[in-house]
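Working notes, beginning with the structure itself.
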Amino acid sequence: MTALSEDLDQFKWSQRDKEGNALDGYYPMGGVVSLVVGSPGTSALSRCESIIKESTNYALDKDIDGLIFQYGPRAGSCEFRYNLANWLNEQYQDPNAPVHMDDLIASTGATNGLYYAASLLFKSGTPVFIEDPTYFIAIDILRRDLGMNIVPVPMTSEGTDTELLDKLLTEYRKKHPDIVLTKERPFWSMLYIIPTHNNPTGRCISPEKAKRLVEIARKHDILIFCDDVYNMLHYKEGPPPRRLLSYDIKTDPDYKGHVLSNGTFSKILSPGIRLGWQEAPPRIVEILNNSGNMWSGGCVNHYISTVVGGAIKLGLLTKHLNFVRSKLSVSEILLNVQVMWKI
């Protein structure tokens, strides 16, 4: 047996109980929920086949001259970004900070988005600040893959310790006077953060902390990289917590654009389709869109982005997300019942 097959067997085992039954969704008292992998359950994934079939037929029927099979525009097709922007606005419900299609770039998921942006905007050896605790594989990407120096910043109950971050940035900037800001690299450092439903704490940043972070980013010329992968999984009444990017207000006199929002369809539709998006200010979009990688390959996932654009247009994604949210809501109720029962 090869190491890979052993890994696959271990993965399959981790998704099943002692009797070999697949672990998925929520369970009554005495049941088990697998927390080994942060992936959608089978009850959600099993719905994707019909969604992809219908949206694929829609996309192919609309296609002209086989353009769906071309490289595709670097940032993603206009239709995909238009549909995505409208859908995000419906979900965010934040009329003061609307999403514009020109601020969107297609990616192959949040992991790719982090690697791509960090590798383009920063050099190996750059100090990168991360909230502590945070997603552990993001640390591996930044430190092991890209050779960056990780500086942890503790979290409070409301988010990143902003006053400590301010002091650390001042201290580390003095240690790196050789980092020169250019049009291609407009930031000397980066803060990696999961502001909404932080992994692993589940905390959401407070409005006060969000505003302060934007002030600090502008003061110190750093990028705030927001891994916004859980924003759409908000299932309470009313709009979700505001994305941190919305606090970097374009009409401010000192606005330049210091926040990037990294989104993905992995948590809200399917990780297997390898599709996400990045919402960023114009100066960052220009850098990401004009890399040699983009000029050579075009859109990173043109075919699937066209198909998912169809799912958005047909209302299939919203319907599916509502289903996922309903499962999460029921899960919370059952977990609360279990806690009450044990007490």
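The values are calculated or read from the model by the stated rules, or taken from the named source; none is laboratory data. Worth saying up front: this structure is predicted, and the values here are computed from it rather than measured. Positions of Cβ are generated from backbone atoms using ideal geometry, with glycine treated the same way; all protein chains shown enter the neighbour counts. Ligands, DNA and RNA are excluded from the accessible area calculation, which covers all protein heavy atoms including side chains. Shrake-Rupley method; radii C 1.70, N 1.55, O 1.52, S 1.80 Å.
The rows are residues; the columns are (1) under 26 Å from Asp248 (Cβ atoms); (2) modelled with pLDDT under 95; (3) touching a strand residue (DSSP E or B) at 6+ places or on another chain (Cβ under 9 Å); (4) not aromatic (Phe, Trp, Tyr).
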| position | (1), (2), (3), (4) |
| --- | --- |
| Tyr26 | no, yes, no, no |
| Leu35 | no, yes, no, yes |
| Glu49 | no, no, no, yes |
| Glu54 | no, no, no, yes |
| Phe69 | no, no, no, no |
| Glu79 | no, no, no, yes |
| Gln91 | yes, no, no, yes |
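Just to be sure I understand, how many residues within the range 131-149 are in contact (Cβ under 8 Å) with a residue 40 or more places away in the chain and open to solvent by less than 10 Å² (accessible area, probe 1.4 Å)? Qualifying residue count, the range 131-149: 3. Yes or no: Arg218 of a type in the set (D, E, K, R) and either touching a strand residue (DSSP E or B) at 6+ places or on another chain (Cβ under 7 Å) or within 19 Å of Val99 (Cβ to Cβ) (or both)? No. Scanning the range 150-176 for residues that are open to solvent by less than 60 Å² (accessible area, probe 1.4 Å) and of a type in the set (Asp, Glu), we see that the one that is farthest from the chain's Cα centre (by Cα) is Asp166. Here's a check for you: in the range 216-261, which residue that is modelled with pLDDT of 95 or more, loosely packed, with under 15 Cβ neighbours inside 10 Å and acidic (Asp, Glu) is farthest from Thr170 (Cα to Cα)? Going through the qualifying residues, I end up with Asp252.
Of the listed requirements (1) under 20 Å from Thr196 (Cβ atoms); (2) of a type in the set (A, V, I, L, M); (3) out of contact with any strand residue (DSSP E or B) (no Cβ under 6 Å at 6 or more places or on another chain); (4) modelled with pLDDT of 95 or more, Val324 misses just one: (4).
Only residues that are in contact with a strand residue (DSSP E or B) (Cβ under 9 Å, 6 or more places away or on another chain) and not aliphatic (A, V, I, L, M) were counted across the range 93-126, and they come to 12. Residues that are touching a helix residue (DSSP H, G or I) at 6+ places or on another chain (Cβ under 9 Å), in a loop (DSSP other than H, G, I, E, B) and open to solvent by 50 Å² or more (accessible area, probe 1.4 Å) within the range 187-210 comprise His197, Pro200, listed in sequence order.
Given the options Gly72, Gly113, Gly76, Gly109, name the one that is surrounded by 16 or more Cβ atoms within 10 Å (Cβ to Cβ), within 24 Å of Ile284 (Cα to Cα), over 20 Å from the mean Cα position of the chain (by Cα) and not aliphatic (A, V, I, L, M). Gly72 is the lone residue from the list that is surrounded by 16 or more Cβ atoms within 10 Å (Cβ to Cβ), within 24 Å of Ile284 (Cα to Cα), over 20 Å from the mean Cα position of the chain (by Cα) and not aliphatic (A, V, I, L, M).
Here Leu269 fits the description: over 19 Å from Met101 (Cα atoms), touching a residue at least 12 places away in the same chain (Cβ under 8 Å) and among the aliphatic types (A, V, I, L, M). For the condition farther than 15 Å from Pro281 by Cα and either β-branched (Val, Ile, Thr) or in contact with a Cys (Cβ under 8 Å, 6 or more places away or on another chain) (or both), Val99 does not qualify.
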